[in-house]
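Reviewing the structure listed below.
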Ligand code: GLP
């Protein structure tokens, strides 16, 4: 694992954007696995800036997102579809037909999960997967549990995740209770993984993921087993790691 220490959120965003940019420049027709949440917002801003300067071309890029809330239509401002359009897709020259997310409105979990795994297979797998991290060490929406989830699956969100994500909704009651998420096996199949983490409130989860035992109780700990992981975290997030 390569750990890159950033000074603060802005620095983390810049360093992460450098890595995504390098991927797109070196392989213009790459498949990016993308993530949502507050952490990547600054990084997406930097990617849009670079696109506007003419330094980045998304014309041949394909994207597959990690997860989507079940039950939210695309036009809902809290859907991850809406998030991706309002933070990246609408501002760069990506082909919308080459951007993929789970369909939150498919009520049949088995059919949707199978469809999404097939989407990932059909684009040739993920070259670089971006991940944020939840306070409980979740990646995508893979919540702590007794075993690692394998493929794309329907998740019951944990109370702590609902609590953390309610800031984006009118109230906690409005946060969907379920989501579709790539599984751990799906994530681990990516050729490269980039994890971005910011803030002291993530320090414990990050320490446990990087240096604790590999256990489904801390889903991020599985990343220790992946051959090509880069962590970009700010000083606050790394404050519990002895580096
Ligand atoms: C959400 C997303 C994750 C994200 C995490 C952290 O639940 N499903 O993909 O990494 O929570 O979010 P944030 O960056 O807002 O702290």
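Read the figures in this text as sums done on the coordinates, not as results from a lab. Everything quoted here is computed from the prediction, not taken from an experiment. Here Cβ is always computed from backbone atoms with ideal geometry, including for glycine, and neighbour counts include all displayed protein chains.
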Ranking 154, 113, 241 by Cβ neighbours within 10 Å, fewest first, what do you get?
241, 154, 113
Can you give the relative contact order of the chain as a percent, counting alpha carbon pairs under 8 Å and 6+ residues apart?
25
Once both label points are put 7 Å beyond Cα along the C-beta direction, the residue 167-residue 150 separation in nm becomes 3.7
Expressed to one decimal in nm², the mean projection of the alpha carbon convex hull of the chain is 11.9
Just subtract the alpha-carbon distance of residue 1 and residue 26 from 0.36 nm times their residue separation and send over the number in nm, one decimal.
6.9 nm
With the alpha-carbon atoms as the only input, what is the per residue convex hull volume for the range 93-160 in Å³?
138
Would you mind getting the Kirkwood hydrodynamic radius of the range 42-127 from its Cα pairs, rounded to one decimal in Å?
13.9
Picking from 35, 22, 170, which is most flexible by a Gaussian network model of the chain using Cα springs under 10 Å?
170
Helix-only CD estimate at 222 nm, as mean residue ellipticity for the chain, using -39500 (n - 2.57) per DSSP H run (n ≥ 4)
-9000 deg cm²/dmol
How high is the relative contact order of the range 72-112, given as a whole-number percent (alpha carbon pairs under 8 Å, six or more residues apart)?
34
What is the order of 85, 138, fewest Cβ neighbours within 10 Å to most?
85, 138
Going fewest to most other Cβ atoms within 10 Å around each Cβ, 223, 131, 26 line up as 26, 223, 131
Mean separation of Cα contacts under 8 Å, 6 or more apart, over the residue count of the range 1-143: relative contact order %:
28
